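A short worksheet on the structure shown next.
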Ligand code: NAD
Ligand code: IPM
Ligand code: MN
């Protein structure tokens, strides 16, 4: 039996609802694959602010550091939206990523055949879409200094953030992206704003230089505005995309919609060593929280990414993904992916459907 310590961070909003489903799925998978999961729950985000005054208590970070992987749901909500930025729920998530050194965020966007009708785009546009966004996660404008709200000489307030990348930061995310593209279709598109931003000029230069070491990968470059347009116009042109923190945040939400719903998209955040964090691309969806309406599949697929990328258990990951395909195949849908003639389920019922499929085997 393989033993794994997993830190669970359910967080806020729909977080606890979708986490409960993922944990049930992991428990069954554990039995079937002879994996022993030791789950440890910890506080982050608004839930942590309410309990301790801080969005990322040091005990949470310690617990995460001592585990083999971290499964996170989502943080944030209206209740905490007017707090200063350094004690908002979002600061907890950023602190977790920085604290664990998770510079590489993998965000796959794959259209499942069962969900083509759930996409807002035409079938011929989305059929076959399979994109991996490699988002830099611990640098760029999210972390650059100076940052803050300052007062000018005239007494006016001035909000400042700074987009910064060093050569070494670009290189290490570039390597992850080239390696990722190499294992996929061998196409990498680097997205920047090099026509305007110096930080992007450096980004483009370093990525271009690095490409000499990966002659088998076909590299292209796009400006981020064009990339956003191309993603919606003709998404099948993309295989792997590498980009900075902010552009990656925005483009991955856009890519999510190609697949039918953001409620379907998982992610993996990885560092050079130590535990990774596995979390859906979506947020805490406060508009539907507590109503048993959330789609738990992004969370369940994040657990699959945890098995694949964090724990090196690809067979167990495959099994979870197959179960997800199967419930979709039998017509089970949450509201966000609902279409005519399908069965509308709540979050919990979708979880039950998954468990049933997993038990059948
Ligand atoms: P969101 O992703 O939470 O929600 C956007 C829309 O998508 C909403 O209409 C929501 O109902 C829907 N949606 C999202 N996930 C869904 C799911 N699993 N099933 C069905 N529908 C789903 O983005 P937002 O509304 O801009 O942000 C809400 C809060 O979440 C904010 O506080 C934000 O900072 C936070 N957030 C957190 C994370 C994270 O924890 N990683 C990511 C994004 C946003
Ligand atoms: C995400 C979220 C976060 C981000 C926020 C909540 C800090 O939007 O994980 O995509 O911007 O990275
Ligand atoms: Mn986001």
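Show me 118-127, 197-206 ranked by packing, highest mean number of other Cβ atoms within 10 Å first. Don't skip to the end; give the middle numbers.
On the way: 118-127: 14.5, 197-206: 18.4.
Descending mean neighbour count gives 197-206, 118-127.
Based on the Kirkwood radius over alpha-carbon pairs, what value in µm²/s does the Stokes-Einstein equation return for the translational diffusion coefficient of the range 1-115 at 4 °C and 1.567 mPa s?
Details: Rh = 15.3 Å.
Value of D from the Cα-based Kirkwood radius: 85 µm²/s.
What is the extension gain from residue 117 to residue 198, computed as 0.36 nm multiplied by their sequence separation minus the C-alpha to C-alpha distance, in nm to one decimal?
On the way: separation 81, 0.36 × 81 = 29.16 nm, distance 4.18 nm.
Between residue 117 and residue 198, full extension yields an extra 25.0 nm.
Based on the Cβ-Cβ distance from residue 315 to residue 273, what FRET efficiency comes out when R0 is 22 Å, to the nearest 0.05? Mind dumping the intermediate values first?
Working: r = 24 Å, r/R0 = 1.09.
About 0.35, to the nearest 0.05.
Hey, how many Å between the Cα centroid of the range 71-134 and the Cα centroid of the range 18-32?
After rounding, the separation between the Cα centres reads 21 Å.
Rounded to the nearest angstrom and ordered from largest down, what semi-axes does the equivalent ellipsoid of the range 68-164 get from its C-alpha gyration tensor (root of 5λ)?
Numbers: eigenvalues 246, 67, 49 Å².
Square roots of five times the eigenvalues give 35, 18, 16 Å.
Give me the Kirkwood hydrodynamic radius of the chain in Å, from all C-alpha pairs, to one decimal place? Walk me through the intermediate numbers first.
On the way: mean 1/r = 0.0476 Å⁻¹.
This gives a value of 21.0 Å.
Antiparallel versus total DSSP beta bridges in the chain: what percent is that, nearest 5? Don't jump to the answer; show the numbers that get you there.
Numbers: 18 of 49 bridges.
Beta bridges within the chain, antiparallel portion: roughly 35 percent.
What do the square roots of 5 times the Cα gyration tensor eigenvalues come to for the range 281-339, in whole Å, largest first, as semi-axes of the equivalent ellipsoid? Before the final figure, lay out each step's value.
Numbers: eigenvalues 110, 51, 9 Å².
For the range 281-339, the ellipsoid semi-axes come out as 23, 16, 7 Å.
What share of the DSSP beta bridges in the range 106-261 is antiparallel, in percent to the nearest 5? Could the numbers behind the result be given before it?
Details: 9 of 23 bridges.
Roughly 40 percent of the beta bridges in the range 106-261 run antiparallel, per DSSP.
Relative contact order, percent, of the chain when contacts are C-alpha pairs under 8 Å separated by at least 6 residues?
On the way: 784 pairs, mean separation 78.6, N = 361.
Answer for the chain is 22 percent.
Would you mind calculating the gained length between residue 154 and residue 85 on full extension (0.36 nm times residue separation, minus the Cα-Cα distance), in nm to one decimal?
On the way: separation 69, 0.36 × 69 = 24.84 nm, distance 2.40 nm.
Working it through step by step, the gained length comes to 22.4 nm.
Please work out, to two decimal places, the log10 of the ratio I(q)/I(0) at q = 0.10, 0.14, 0.17, 0.24 Å⁻¹ from a Debye calculation in which every Cα of the range 227-328 carries one identical scatterer.
The calculated log intensity ratios at q = 0.10, 0.14, 0.17, 0.24 Å⁻¹ are -0.32, -0.64, -0.93, -1.33.
Quick check on packing: order 155-162, 308-315, 73-80 by the mean number of other C-beta atoms within 10 Å, highest mean leading. Please report the intermediate quantities before stating the final value.
On the way: 155-162: 9.9, 308-315: 16.8, 73-80: 22.6.
Final packing ranking: 73-80, 308-315, 155-162.
With no solvent and one point per C-alpha, what does the Debye sum give as log10 I(q)/I(0) for the range 22-65 at q = 0.15, 0.23, 0.26, 0.33 Å⁻¹?
-0.51, -0.75, -0.82, -1.05
Which order, highest average first, do 103-114, 31-42 follow once you tally other Cβ atoms within 10 Å for each residue and take the mean per peptide?
Numbers: 103-114: 21.2, 31-42: 14.2.
Sorting 103-114, 31-42 by mean packing, highest first, produces 103-114, 31-42.
When you have a sec, figure out the Kirkwood radius of the range 117-194 from all distinct Cα pair distances and drop it here in Å to one decimal?
For the range 117-194, the Kirkwood estimate is 16.1 Å.
Beyond 26 Å, how much of the Cα-Cα pair distribution for the range 130-247 remains, as a whole percent?
Working: 1686 of 6903 pairs.
Tail of P(r) above 26 Å: 24 percent of Cα pairs.
What 222 nm value per residue comes from the helices of the chain, counting each DSSP H run with n ≥ 4 as -39,500 (n - 2.57) and dividing by all residues, nearest 500 deg cm²/dmol?
On the way: 12 runs with 143 residues, N = 361.
Value at 222 nm, helices only, nearest 500: -12500 deg cm²/dmol.
Every number in this text was worked out from the coordinates using simple rules, so none of it is lab data. Keep in mind that this is a model prediction, so the values were computed, not measured. As a convention, Cβ positions derive from the backbone with ideal geometry for all residues, glycine included, and neighbour counts pool all protein chains shown.
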